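Single-structure report; data block below.
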Amino acid sequence: MPRYKLTIAYDGTDFCGWQKQEPLAPPADSPLPAVPAAMIAGTLHDAEAGADRLQLRTVQHVVERAVVQIVRERVVLHGASRTDSGVHALGQVAAFTCSGDDEGPEAPRGSGWPLSRGTERLRRALNGRLPEDVLVTAVEAVHAEFNPIRDATSKAYSYTLHVGHERPLWDRRFVHQVHDRLDLDAMRRAATLLIGTHDFAAFAAAGHGRQSTVRTIFGCDITPASPDRLRIDVSGNGFLWNMVRIIAGTLVEVGRGRMAAESIPGIIASGRRDRAGPTLPPTGLRLEWIRHGEA
């Protein structure tokens, strides 16, 4: 049975993140705010619970649905990174297995997708069924045991800041505005002190659910992308929940002069979330790439 690796790009603005979510629908008189209609893909009746479940609009859901439409059989799409609601991606990685090994190139269309049909043809077919805010940029045939999560060796995120009082327009979905002038040299000094293997508990959201908070940061760079843009690039062997957004928030506080660059080692050593900077909004965050061992 062939297994395919997908590289996926998406604008995360109108998604409830990557991972499929099917919460119980709230009662009509619930005081909780309703989920925006644009983020509801449908409803399912849960007979066991005796209630309806909302199918929230997630990237995993829409891509998996497109795969099912193409291969005409039930599949499970596994992703490498659970990006949060509003977070974007240039290089998300996912994989699925389907039937079709024994079909010849001229076989009539049936279930599955044999290798003989080609990966580029599969990529085009998927994109023909995906909404405009998701795009499969590459499809590769991989070995049967390929696991997007377990086999990941490194990944990188970027966080883009719009610096200035004039609000952004054309790329407003992809940047976070900072009104204050930022000290780039101080931010770069602080970024350097994050590199290495550390316990990043101070840079993780409460309830991150990981047994270990030790991670290795390979690189942390800050680059002026234009006169009013700063881009923070962070790569590592893995990241905790909200870790990059907290790193970005801490670097912004350093740039504003509210924190000293030299305070970074002490923040890391403390393990205290309240010592690091704020968690910046998801708007400016993008998953750039994920690298794997031999697929």
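Each value in this text was obtained by applying a stated rule to the coordinates, not by laboratory testing. Since the structure is predicted, the reported quantities are computational estimates derived from the model, not experimental observations. For neighbour counting, all protein chains shown are included, and Cβ atoms are generated from backbone atoms with ideal geometry for every residue, glycine included.
Amide H contacts of Val214: Phe200, each under 5 Å away and 5 or more positions distant or on a separate chain (H built 1.01 Å from N in the peptide plane; Pro and chain starts excluded).
Arranged from fewest to most other beta-carbon atoms within 10 Å of their beta carbon, Met243, Met1, Met259 become Met1, Met259, Met243.
Calculated from DSSP H runs of 4 or more alone, at -39500 (n - 2.57) each and per residue, what is the 222 nm mean residue ellipticity of the chain, nearest 500?
-5000 deg cm²/dmol
So what's the angle, to the nearest 10 degrees on a 0 to 90 scale, between helix 59-71 and the longest Cα principal axis of the chain? Here the helix axis deviates by roughly 20 degrees. The antiparallel fraction among DSSP beta bridges confined to the chain stands at about 90%. Farthest towards the positive end of the charge dipole of the stretch 153-292, among the residues Ala261, Thr197, Thr213, is the Cα of Thr213, using unit charges on the Cβ of Lys, Arg, Asp and Glu. Based on Cα atoms of the stretch 133-259, Rg over Rh with Rh as the Kirkwood radius reads 1.02.
To the nearest 20 Debye, how big is the dipole of the chain about its Cα centre, given +1 on the beta carbon of each Lys and Arg and -1 on that of each Asp and Glu? Write down the numbers at each step before the final one.
On the way: 35 positive and 34 negative charges, 76 e Å.
Dipole of the chain, to the nearest 20 debye: 360 debye.
Database remark: amide H of Thr137 closer than 5 angstrom to the amide H of Thr7, Ile8, Ala9 (H placed geometrically; neighbours at sequence offset of 5 or more, or on other chains; Pro and chain starts carry no H). Normalised by the residues of the stretch 153-292, what does the relative contact order come to in percent, with Cα pairs under 8 Å and at least six apart? Relative contact order of the stretch 153-292: 38 percent.
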